[in-house]
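Data block below; observations after.
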Amino acid sequence: MARKNQKAPWEPEEEIIWVSKSEMKRDMEELQKLGEELVGLKPSTLKKFPLSEELAEAIQDAQRFKNEARRRQLQRIGKLMRYEDPEPIQAALDKIRNKHSQNTAVLHKLEQLRDRVVEQGDAAIDEVMELYPAADRQRLRQLARQAAKEKSSNKPPKAYREIFQIIKELNDEEF
């Protein structure tokens, strides 16, 4: 007589993957941290994320709460995150972080261009004119002379800042 609990020899055995309790806790904490990062974002940015309605509401609530209520809400968000696919959410978050890094890099590039305009004068202004044909050459020359004068006499760098603003506006118009 065959036992009821035994499988037939021709049926494949299922592979059971054992996950330790501490590994499960680490995974849950990661999801909760991801949720905390989402709570820190602006509502307009959050609309771009692939979130379920329930999770989006929980994040909006957490943004309003303070102290202990916020902590409990963050735990709830962590629990809701277990039912979400974290990959697209993480990808969207990485994209936003990268966008910030790209903006910072562009600003550094513009600052270097401004420094060259002040130090090199006409040679750097020609470079600006090549990059941005709509630039006002005469105004840039005037500001470069003023910036050099301000620097030599230890005055506040008003013209220096204005050159940066002009280059930044030209760059924004390009894109």
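The values are calculated or read from the model by the stated rules, or taken from the named source; none is laboratory data. Predicted model, so just to flag it, every value in this text is computed and none were measured. So basically every Cβ, Gly included, is an ideal-geometry build from the backbone, and we count neighbours across all protein chains shown. Just so you know, the surface numbers come from the protein's heavy atoms only, side chains and all, with ligands and any DNA or RNA stripped out. Shrake-Rupley method; radii C 1.70, N 1.55, O 1.52, S 1.80 Å.
One residue alone among Ile77, Ile167 is under 22 Å from Glu37 (Cβ atoms) and at pLDDT 85 or above, and that residue is Ile77. Screening Val39 with (1) more than 30 Å from Leu140 (Cβ to Cβ); (2) exposed (fewer than 12 other Cβ atoms within 10 Å of the Cβ); (3) β-branched (Val, Ile, Thr) gives one miss only, at (2). Screening Gln142 against (1) assigned by the TED database to the domain that holds Glu30; (2) open to solvent by 60 Å² or more (accessible area, probe 1.4 Å) leaves a single unmet condition, (1).
Entry remark, region 53-75: residues being assigned to a helix (DSSP H, G or I) and open to solvent by 100 Å² or more (accessible area, probe 1.4 Å) number 8 in total. In region 103-119, the residues that are open to solvent by 90 Å² or more (accessible area, probe 1.4 Å) never reach a residue that is not acidic (Asp, Glu) with C-beta atoms less than 6 angstrom apart, at least six apart or across chains.
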